[in-house]
1. Using the Kirkwood formula over every pair of different C-alpha atoms, what hydrodynamic radius in Å results for the chain?
2. Averaged per residue, what accessible area in Å² does the chain show with a 1.4 Å probe, protein chains only?
3. Taking only the C-alpha atoms, wrap a convex hull around the range 91-178 and report its volume per residue in Å³ as a whole number.
4. Order the peptides 156-168, 75-87 from the highest to the lowest mean number of other Cβ atoms within 10 Å of their residues.
5. Round to a whole number: what % of the accessible area of the chain belongs to carbon and sulfur, probe 1.4 Å?
Amino acid sequence: SIPNLSITATTANSVYLTAGAGAGIVTVTNTFTLNNAAQTFTTNGKLAIANNATVNYTSGAISAAPAYAGTINLVGLTFANGATFPSFIWPSTAGLVTNLTINGAAGNVINVPGARTLTGGALNLTSGTLAATAAANTLTLTSGTTINRTNLGAVTLTLVAPGDNNINLNYIANAAIG
């Protein structure tokens with residue numbers, strides 16, 4: 001296992017984990033960052049993400065979902081306007097994402113890849129907009145979720161509240177969420 005793995009490509013070079021004989025699984029224990037421009041990171045089933053690790057998404061695709069060992073903190077980080085989280089980065093697995101942070105350029109939009117659930121942590125709207133490309137792509141919040149929003153963060157998709165309406169909302173004007 002390794003603490004951090006950052007996949008970054010600015011040209012048409014392929015990035016992949018080898019599938020050859022003796023190639024083991026790489027488990028990321030702290031932070032996995034995908035900033036792969038228009039390229040696909042080919043994992044060959046060799047990538048695992050540890051429980052409570054952070055996944056930063058900026059750009060690019062991934063060939064298959066990592067083996068998630070529990071919950072993750074997902075961050076949309078400096079994404080291009082109109083980007084969508086890849087479904088392999090944010091699969092529809094219930095209970096996977098406990099904290100979601102949107103931290104792109106002010107006014108830039110990132111879309112959810114389908115109906116998703118945020119489980120009991122925080123939705124941090126630091127800068128940029130969380131949106132959906134289809135009405136069915138909603139974000140369900142579970143009981144106890146906190147929404148932290150600055151004046152530069154927004155959400156335009158449908159948020160589905162828990163049955164007990166137990167949601168905390170914090171608005172921080174002209175400040176960063178830390």
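The values are calculated or read from the model by the stated rules, or taken from the named source; none is laboratory data. Everything numeric in this text was worked out from a predicted model, so none of it was measured. Reconstructed Cβ throughout: ideal geometry from the backbone, glycine too, with neighbour counts over all protein chains shown. Quick note on the areas: whole protein, heavy atoms, side chains included, nothing else; ligands and nucleic acids left out. Shrake-Rupley method; radii C 1.70, N 1.55, O 1.52, S 1.80 Å.
1. Value: 16.6 Å, from the Cα pair sum.
2. Values: 7890 Å² over 178 residues.
Normalised by residue count, the accessible surface of the chain is 44 Å².
3. Details: hull volume 7.5 nm³, N = 88.
In the range 91-178, the Cα convex hull volume per residue is 86 Å³.
4. Numbers: 156-168: 12.3, 75-87: 18.5.
The peptides rank, most packed first, as 75-87, 156-168.
5. Details: 4070 of 7890 Å².
The value for the chain is 52 percent carbon and sulfur by accessible area.
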